[in-house]
1. Looking at (1) part of a helix (DSSP H, G or I); (2) in contact with a Lys or Arg (Cβ under 9 Å, 6 or more places away or on another chain), find the lone condition where Leu420 falls short.
2. I'd like to know if the stretch 73-80 contains one or more residues that are within 13 Å of the ligand (Cβ to nearest atom) and at pLDDT 95 or above.
3. For Ile48, are the conditions met, namely being within 14 Å of the ligand (Cβ to nearest atom), closer than 28 Å to Asn169 by Cα, surrounded by 24 or more Cβ atoms within 10 Å (Cβ to Cβ) and of a type in the set (A, V, I, L, M)?
4. Examine the stretch 138-159 for a residue that is within 19 Å of Ser276 (Cβ to Cβ), open to solvent by 80 Å² or more (accessible area, probe 1.4 Å), part of a strand (DSSP E or B) and within 12 Å of the ligand (Cβ to nearest atom), and state whether such a residue exists.
5. Pick from Lys69, Lys36, Lys65: which is in contact (Cβ under 8 Å) with a residue 40 or more places away in the chain, part of a helix (DSSP H, G or I), more than 8 Å from the ligand (Cβ to nearest atom) and open to solvent by 40 Å² or more (accessible area, probe 1.4 Å)?
6. Go through (1) touching an Asp or Glu at 6+ places or on another chain (Cβ under 8 Å); (2) open to solvent by less than 20 Å² (accessible area, probe 1.4 Å) for Ala263 and report which single condition fails.
7. Could you please give the count of residues in the stretch 88-136 that are in a strand (DSSP E or B), surrounded by 14 or more Cβ atoms within 10 Å (Cβ to Cβ) and small (Gly, Ala, Ser)?
8. Quick check on my filter: what residues within the stretch 168-187 are open to solvent by less than 60 Å² (accessible area, probe 1.4 Å) and within 16 Å of the chain's Cα centre (by Cα)?
Amino acid sequence: MEKFDVVIIGSGPGGYIAAIRAGQLGLKTALIEKCKELGGTCLNVGCIPSKALLTSSDHFVFAQKDAAKHGIIIDNAHVDLAKMQQRKDKVVKTFNGGVRALMKTNKVTTFEGLGTISARGKVSMKLTNGETQEIETKNIIIATGSAAIELPFAKFDGKTIVSSTEALNFTEAPKKLLVIGAGAIGLELGSVWARLGSEVTILEFLPRIAVGFDLELSNLLQRSLTAQGITFHLETKVSAVKIDNGHITSTARKGNEELKFEADKALVSVGRKPFSEGLGAEKVGVEFDEKKRIKVDKHFKTNVDGIYAIGDVIAGPMLAHKAEDEGIACVERIAGKDGHINYDAIAGIIYTNPELAGVGLTEDQAKEKGIDYRVGKFPFRANSRALCNDELDGMVKFVADAKTDRILGAHILQHAASELIAEAVSVIDFGGSSEDLARTCHSHPTLSEAVKEAAMNVEKRALHIVNR
Ligand SMILES: Cc1cc2nc3c(=O)[nH]c(=O)nc-3n(C[C@H](O)[C@H](O)[C@H](O)COP(=O)(O)OP(=O)(O)OC[C@H]3O[C@@H](n4cnc5c(N)ncnc54)[C@H](O)[C@@H]3O)c2cc1C
């Protein structure tokens, strides 16, 4: 029986990054993936294809609506959706090839098949070529990720009631698209199809969109998306989704009112659940929490020696970069190094236009914790580069400790928020203050000057707005 130092089950950003780090550290490593391609949800049906479509559809809106403002006249801008989808698929394929090459260069043995833990230190595999094989290992890392949550009254049929996977692959823009759930996935895919011509209605049970993000900026995002033609119904509880002749009728309650929505397709984006069952983990005594997530300590160790878990299958935000960093830290611990994660410095991003990014505490969370805090804000309408770019929506907002000035949270709404947030993440990770950031020289003219000005404004000394 072949013996390894580490066997990783699941090749998403958690698993394949853990495999690379293990290879770098000289550990004999195997990576098992049940799907044909490596890369997991993120690369195949998540982050990457969604961002490819978001970019393409954003270019279309520019060509159709905004180019003329720049003196660029594009007559009859229209979409060739088949070509747009082919481009997206090519992006995914290119990255698939890259991950496979990285496994080779890092001397990671890959197996295509379903992996299950047969005993402590043993993993058996049902390979896609029909064979079964068992391998021995000192350490097992479970990185099996998550799957979309289904509503009991709106079961996925893959055609009319769909999850994000199918909504990434529509061959034509639905005339009317109903989106259930106003989190990152619903807002991003709702945006894609609204830009490509669908009439999009988003229903959300909570009184706000983008839960977990700063409320003030989430409300501004909702305003922008509404202006782009998306209709929102908040505090709306969907109770039925019926398909009749390929057409959807959905019933929902908003206060005392019963609402009916008609649509061609419904995207259910109400969250994801860990992929933790049927793995054999329970058989060897691994403990789960109440949400069926695998319980781990702060070094990703389960209660069973030699078994670890990372990524979406454990607690914490379901984000690719969180899974990646957990993969690195977990393997470093296995190799006797001191890998660790600062969970206060993990940004969440919604890649709409404008993008919404946030890291650390929101203002409401600071309030709830009874922290004495100060806020510094700066609007992009007062930033020179945003004016050049014609991207004036949004602002930067810092939440800083009133006594120590340490930055507790940073929130950005802007077309480029996903890139701008990285500076705030670094400063938070280093335990920096708003003054540290305010005294750092930022190039001119850049959007990042708005980040500096918001940091300055914690002391009400931003330069390009009048503070009263
Ligand atoms: C539409 C969409 C958009 C997203 N956009 C973003 C984004 O922009 N940014 C971001 O940070 N996050 C995003 N996410 C979330 C992100 O994809 C996940 O957080 C991330 O993929 C989790 O990584 P993981 O390694 O834990 O698991 P996964 O990526 O889910 O990978 C797990 C892998 O394990 C395999 N597997 C499961 N069981 C077995 C088994 N028994 N044997 C062998 N293989 C197995 C699965 O086939 C899968 O390939 C998005 C998700 C979706 C659905």
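The values are calculated or read from the model by the stated rules, or taken from the named source; none is laboratory data. Since the structure is predicted, the reported quantities are computational estimates derived from the model, not experimental observations. Backbone-built Cβ (ideal geometry, glycine too); neighbour counts: all protein chains shown. The area values use the complete protein model at the heavy-atom level, side chains included, leaving out ligands, DNA and RNA. Shrake-Rupley method; radii C 1.70, N 1.55, O 1.52, S 1.80 Å.
1. Condition (2) is where Leu420 drops out.
2. no
3. In short, no.
4. Looking through the stretch 138-159, none of the residues is within 19 Å of Ser276 (Cβ to Cβ), open to solvent by 80 Å² or more (accessible area, probe 1.4 Å), part of a strand (DSSP E or B) and within 12 Å of the ligand (Cβ to nearest atom).
5. Every option except Lys69 fails the conditions.
6. Of (1) touching an Asp or Glu at 6+ places or on another chain (Cβ under 8 Å); (2) open to solvent by less than 20 Å² (accessible area, probe 1.4 Å), only one is false for Ala263: (1).
7. Counting residues in the stretch 88-136 that are in a strand (DSSP E or B), surrounded by 14 or more Cβ atoms within 10 Å (Cβ to Cβ) and small (Gly, Ala, Ser) gives 4.
8. Start the filter on the stretch 168-187 by keeping residues that are open to solvent by less than 60 Å² (accessible area, probe 1.4 Å), which leaves 168, 170, 173-174, 177-184, 186-187.
Selection gives Leu168, Gly181, Ala182, Gly183, Ala184, Gly186, Leu187.
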